[in-house]
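The values are calculated or read from the model by the stated rules, or taken from the named source; none is laboratory data. On a predicted model such as this, the values are computed, not experimentally measured, just so you know. We place every Cβ from the backbone using ideal geometry, glycine too, and count neighbours over all the protein chains shown.
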There are 2 protein chains.
Amino acid sequence: MKASRFFISTLKEAPAEATLASHKLMLRAGLIKANASGLYTWMPMGLRVLRKVENIVREEMNRAGAVELLMPVVQPAELWQESGRWEFYGKELLRLKDRHDRDFCMGPTCEEVITDIVRKEITSYKQLPKNFYHIQTKFRDEVRPRFGVMRAREFVMKDAYSFHTDYESLVKDGYQPMYDAYCRVFNRLGLNYRPVAADTGSIGGTGSHEFQVLAESGEDVIAYSDESDFAANVELAPTLPLEGDRAAATETLTKVNTPNAKTIADLVNFLNIPAEKTLKSIVVEGEEEGELVLLLLRGDHEFNDIKAEKLAGVKSPLTMASPEAIRRTFGANGGSLGPVGFKGRVYADYAVEKAADWVIGANEDDHHYTGFNFGRDAAEPVFVDLRNVVEGDPSPDGKGRLKLARGIEVGHVFQLRDKYSQAMNATVLDNNGKSQVMEMGCYGIGITRIVAAAIEQNNDERGIIWTQAMAPFAVVIVPMNYKKSAAVKEAADKIYAELSEQGIDVLLDDRDERAGVLLNDSELLGIPHRIVIGDRALKEGNVEYADRRENQAQTVALSEIVGKINAVLKA
Amino acid sequence: MKASRFFISTLKEAPAEATLASHKLMLRAGLIKANASGLYTWMPMGLRVLRKVENIVREEMNRAGAVELLMPVVQPAELWQESGRWEFYGKELLRLKDRHDRDFCMGPTCEEVITDIVRKEITSYKQLPKNFYHIQTKFRDEVRPRFGVMRAREFVMKDAYSFHTDYESLVKDGYQPMYDAYCRVFNRLGLNYRPVAADTGSIGGTGSHEFQVLAESGEDVIAYSDESDFAANVELAPTLPLEGDRAAATETLTKVNTPNAKTIADLVNFLNIPAEKTLKSIVVEGEEEGELVLLLLRGDHEFNDIKAEKLAGVKSPLTMASPEAIRRTFGANGGSLGPVGFKGRVYADYAVEKAADWVIGANEDDHHYTGFNFGRDAAEPVFVDLRNVVEGDPSPDGKGRLKLARGIEVGHVFQLRDKYSQAMNATVLDNNGKSQVMEMGCYGIGITRIVAAAIEQNNDERGIIWTQAMAPFAVVIVPMNYKKSAAVKEAADKIYAELSEQGIDVLLDDRDERAGVLLNDSELLGIPHRIVIGDRALKEGNVEYADRRENQAQTVALSEIVGKINAVLKA
């Protein structure tokens, strides 16, 4: 492609509303253009990247045996009413009425539409398993669209839906092949990512995985093992009971006056002790009317409400006890609470099981105990998993220790089971002629979001750094004085023709711009390989080659540059 | 592709709501599936066809120098308010509100969005000409969606928009290259089509052309020359004044009683004369308040209101005179009107200028004149073009005679000029540094509609007949007893492997169905080339080859079938 036949439009500065690196760079490099809040046009340069992602996803879906179709953007309300999502889905579902006042929505996903098709098309177990996917525009009416295409309202998603006679087939023919295909997609794209368990159902989370591209700006925090492939959303990663015996008590229970120490930080300051020595008390409502449950965890740990909610005897959804109820039961206000004298159910986090001599609230305002020990000063609680994991925790699979990283969710595989097929009565006849509800899986990849995530992970002060698989062009030829120097033009055209003939995506930047502009743009655009052609080097029979990931350019003989490019592209 | 890895779903009978051949066949062949009125899913088999069309369009757009981008489906109302279309566009524009109660629409076309982008991105004449296109889902809220994807609400369109400094460039760099590209697209698709002037501005219609696929079921009627490439929508094709002298009058003006003869048909029956001998009187309002204008044309010709509205002294928009005004002015009711004694402005169609002895209303209820002659019995009218052309009329370009055909509009090229750029203030600085409004062209192709139009043009009682360019698969292999006969399976797999390796789109129909079902489906699906493999022929070392367009199958040696396929694909 010659720049004069294409459209390059770069900016020195990103508009002020862009805060995220990828958003800034996508606007500066002219990959996207905002049309309205959360609505973007993919400009020619950006669309090339988008299509490369799309094609890799399509190839791997096809390789995994999924069959492509194309469902509509606008979906009838009736199907959503049947599944129950019409009522349940919040304002992110953009609802609309047609000219006859009938209800429709812009599809954020397509479970209803595909289930409706499949229940009409597939009647026998012999037709299963089947996995249908499409790559289509989706819409989510985000309350606050931001970060460019990272959280846009209109976006392109690949969504696949698999149908099975039984759960075994869902796992073997649907979920696992899709999981593997997703790994191939993200490997081919050259992204640093992790499949992350996104379900607490079982350790390792076979029911649902998110695919997270690791990047500091990510909205999600992931815990992963430094020795195995265990990875989970930090809120879902389990902690394990500690091993060994509890340390012996060395202190006596002593009530101390702690005026105005309402938080762990206050207490740590006032008593000049580490937070690890303190116990935090959290009081929630029990299942029985009026019952309170006390939850204890280390002062420096983060309470995990998802885990707490699942405990026996705890009210679901998790409900914090009211100040009045706390006062009535404990005889003190929050900030000075503890288990001493409390008759109700007490859970304590695994992390506190083996230590002695805690500092804890005395159930008397402005007082705490030091030297508190379980068993001696209060009954042994039930030790459970109550907190978020932290760096250094043992990995739940027993291999290595956990590290934390931030991630951007770009894919999700999910075992829907019969959520939709049951509601919409999608059944097949099994091999005994008996009607049975199909098992379903769904599998999404955010095509547009991947582009932003890749930039978050790969950029520097000069601009974007594309991996070869996603780059809009593999090679850019930057001629100095293309319009004026016949020698430069001849060399540039020759290299361009040879590389093009070899099927290499090459951009010849024949724009009539200053050398500095062309060079800066080539770096901003992040094209992996650059050939600079100037009169001075040409006289010596040379051109200049640079790898976008390196700071140093190399001198290469004109006669060898095409060979060099072939070599680096294969590297 | 093996059928077992794909999805084939055919029907013996089309649902009753389908009346058009293409709609029936698309449903029967499982190309599409209805989700709601005017909303369709493109099933795997249909999507393959759609993508082939899309790719050919994309290749020809790129070859013509148009640059691809991707604009959003949902568009902000502000831009439509700026162009004026928010008010002007009827209920086909699906308007919607987001969660913040802001107005948006589903884009039926993208003039506003692209003009907004271009006015921000392009500031100098040096950046022009430029032509941007995208292939994107569109929405038109048709009052009565019908004929399947032919007139669906959601559809896929390729729309391109070119921008220029002046009109000359619009024609040379935008309109003509797009016109040529469209011809290449429809030629490559193998369709019988005509570019049709869709503008009365000038004969040959340089301002706008429709591309019509000829098919009996088409909604449009096209007039085209049997000797030149003149073609126009029948309502827009001009008629020419007749040559030669007027025939001499042979009859005297005679008033006859014609009780209850209110129409030309009544009159023809009652007097037993041909309709060509009668004159039809149409009375419309003049520009002056209360003035009536009389329009005369041959009884067997169709009145053309587009032409009539442009006549001097005729009120625009064209308004039929009220019965009361007619009665007051002519002294008779409609059905018995004529020019004798009428003092107002009279226009007569060119076709009646040279003939004599007409039958015409006598301005007295239930009475007509026979033997009426212009000049003698009433003043000479002004002779103009007032009617639709008919078969046999001379071509307006002077070459050959007109034929009529029905067509389906699948493309449209249009010189927008400054309609949008003026309203939206899209300007560039010219080479004198002066701001000037850009000239624009727009160019649409109905990607989804092409699929239906191609089927309308190419089908028989057995099903679809695809051209090679659009066929979902070029070749289908139909093995008899694939699951049971090892020899059949071996031969089928071998041919399949060889053809696939050569990059040929081949379908191996390995479904466990009866031979009749497989054969019927291959014909219904319209795959151009079929290889049938059965045990009996195999024993002789043969297979059977059939061209979908022919009724006769040929016996071909197994060893020669791959060569045979290569030969027919190149033919």
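Of B:Leu20, B:Leu25, which residue is hydrophobic (A, V, I, L, M, F, W, C), touching a helix residue (DSSP H, G or I) at 6+ places or on another chain (Cβ under 9 Å) and either without any contact (Cβ under 8 Å) to a residue 60 or more places away in the chain or more than 21 Å from B:Ala469 (Cα to Cα) (or both)?
Sole residue among the options that is hydrophobic (A, V, I, L, M, F, W, C), touching a helix residue (DSSP H, G or I) at 6+ places or on another chain (Cβ under 9 Å) and either without any contact (Cβ under 8 Å) to a residue 60 or more places away in the chain or more than 21 Å from B:Ala469 (Cα to Cα) (or both): B:Leu20.
Which of the residues belonging to region B:325-357 are assigned to a helix (DSSP H, G or I) and under 40 Å from the mean Cα position of the chain (by Cα)?
B:Ala325, B:Ile326, B:Tyr350, B:Ala351, B:Val352
Which is surrounded by fewer than 23 Cβ atoms within 10 Å (Cβ to Cβ) and touching a residue at least 24 places away in the same chain (Cβ under 8 Å), of A:Val185, A:Val221, A:Val213, A:Val196?
A:Val221
Can you find, within region A:431-447, the residue that is farthest from the chain's Cα centre (by Cα) among those that are in contact (Cβ under 8 Å) with a residue 40 or more places away in the chain and farther than 16 Å from A:Ala160 by Cα?
My answer is A:Asn431.
Find all pairs meeting these conditions: Cβ atoms under 7 angstrom apart; at least six residues apart or on different chains; first residue within region B:486-506 and among the polar types (S, T, N, Q); second residue surrounded by 15 or more Cβ atoms within 10 Å (Cβ to Cβ).
So the pair list comes out as B:Ser500/B:Val506.
So if I check each of B:Asp103, B:Asp116, B:Asp173, which one is more than 25 Å from A:Thr137 (Cβ to Cβ), acidic (Asp, Glu) and touching a residue at least 12 places away in the same chain (Cβ under 8 Å)?
Sole residue among the options that is more than 25 Å from A:Thr137 (Cβ to Cβ), acidic (Asp, Glu) and touching a residue at least 12 places away in the same chain (Cβ under 8 Å): B:Asp173.
Every residue in region B:82-96 that is at the interface with another protein chain (Cβ under 7 Å from one of its Cβ atoms), crowded, with 16+ Cβ neighbours inside 10 Å and touching a residue at least 24 places away in the same chain (Cβ under 8 Å), please.
Matches in region B:82-96: B:Leu94 only.
Hey, A:Lys33 hits all of (1) away from chain B (no Cβ under 11 Å); (2) in a strand (DSSP E or B) but one; which does it fall short on?
Going through the list (1) away from chain B (no Cβ under 11 Å); (2) in a strand (DSSP E or B), A:Lys33 breaks only (1).
Looking only at region A:141-154, which residues are surrounded by fewer than 22 Cβ atoms within 10 Å (Cβ to Cβ) and either of a type in the set (Lys, Arg) or not in a loop (DSSP other than H, G, I, E, B) (or both)?
A:Arg144, A:Arg146, A:Arg151
Which is within 19 Å of the chain's Cα centre (by Cα), closer than 21 Å to B:Asp397 by Cβ, outside any loop (DSSP other than H, G, I, E, B) and modelled with pLDDT of 95 or more, of B:Phe186, B:Phe211?
B:Phe211
With region A:450-561 as the region, which strands (runs of 3 or more DSSP E) entirely inside it contain at least 1 residues that are under 20 Å from A:Arg5 (Cα atoms) and either of a type outside the set (Val, Ile, Thr) or within 14 Å of chain B (Cβ to nearest Cβ) (or both)?
In region A:450-561, the matching strands (runs of 3 or more DSSP E) lie at A:475-479, A:506-508, A:529-533.
From (1) within 25 Å of B:Glu13 (Cα to Cα); (2) in contact with a Ser or Thr (Cβ under 7 Å, 6 or more places away or on another chain), pick out the condition that doesn't hold for B:Glu513.
Against the list (1) within 25 Å of B:Glu13 (Cα to Cα); (2) in contact with a Ser or Thr (Cβ under 7 Å, 6 or more places away or on another chain), B:Glu513 comes up short only on (2).
Given the conditions (1) acidic (Asp, Glu); (2) within 10 Å of chain B (Cβ to nearest Cβ); (3) under 30 Å from B:Asp512 (Cα atoms); (4) not in a helix (DSSP H, G or I), which single one is not true for A:Asp159?
With (1) acidic (Asp, Glu); (2) within 10 Å of chain B (Cβ to nearest Cβ); (3) under 30 Å from B:Asp512 (Cα atoms); (4) not in a helix (DSSP H, G or I) applied to A:Asp159, the lone miss is (2).
Checking B:Arg63 against (1) without any contact (Cβ under 8 Å) to a residue 40 or more places away in the chain; (2) surrounded by fewer than 18 Cβ atoms within 10 Å (Cβ to Cβ): exactly one of these is not met. Which one?
(1)
Kindly provide the set of residues from region A:544-561 that are over 22 Å from A:Ile465 (Cα atoms) and surrounded by 15 or more Cβ atoms within 10 Å (Cβ to Cβ), ordered by number.
Within region A:544-561, A:Val556, A:Leu558 qualify.
Are any residues in region B:36-81 in a loop (DSSP other than H, G, I, E, B), in contact with a helix residue (DSSP H, G or I) (Cβ under 7 Å, 6 or more places away or on another chain) and within 8 Å of chain A (Cβ to nearest Cβ), and if so, which ones?
Result: B:Gly65, B:Leu69, B:Met71.
Looking at (1) in contact (Cβ under 8 Å) with a residue 24 or more places away in the chain; (2) closer than 25 Å to A:Tyr369 by Cβ; (3) not small (Gly, Ala, Ser), can you tell me which one A:Thr319 breaks?
A:Thr319 satisfies every listed condition except (2).
From B:Arg51, B:Arg58, which residue is within 19 Å of A:Val67 (Cβ to Cβ) and surrounded by fewer than 22 Cβ atoms within 10 Å (Cβ to Cβ)?
Result: B:Arg51 is the single residue among B:Arg51, B:Arg58 that is within 19 Å of A:Val67 (Cβ to Cβ) and surrounded by fewer than 22 Cβ atoms within 10 Å (Cβ to Cβ).
Could you grab me the full set of residues in region B:439-448 that are out of contact with any Lys or Arg (no Cβ under 8 Å at 6 or more places or on another chain) and not in a strand (DSSP E or B)?
Hit for region B:439-448 is B:Thr448, nothing else.
Starting from residues that are in contact with a strand residue (DSSP E or B) (Cβ under 8 Å, 6 or more places away or on another chain) and without any contact (Cβ under 8 Å) to a residue 40 or more places away in the chain, keep the ones in region A:330-373 and report whichever is surrounded by the fewest Cβ atoms within 10 Å (Cβ to Cβ).
A:Gly341
If you take the residues in region B:97-122 that are more than 25 Å from the chain's Cα centre (by Cα) and either part of a loop (DSSP other than H, G, I, E, B) or at pLDDT below 95 (or both), which one is farthest from the other protein chains (Cβ to nearest Cβ)?
Here the answer is B:Asp101.
Check region B:142-154 and report whether any residue there is over 30 Å from B:Lys33 (Cβ atoms) and away from every other protein chain (no Cβ under 11 Å).
no
In region B:4-30, how many are in contact with a strand residue (DSSP E or B) (Cβ under 8 Å, 6 or more places away or on another chain) and facing chain A (nearest Cβ under 9 Å)?
3
Within region A:10-33, can one find any residue that is at pLDDT 95 or above, of a type in the set (Ser, Thr, Tyr) and either farther than 30 Å from B:Glu78 by Cα or surrounded by fewer than 20 Cβ atoms within 10 Å (Cβ to Cβ) (or both)?
yes
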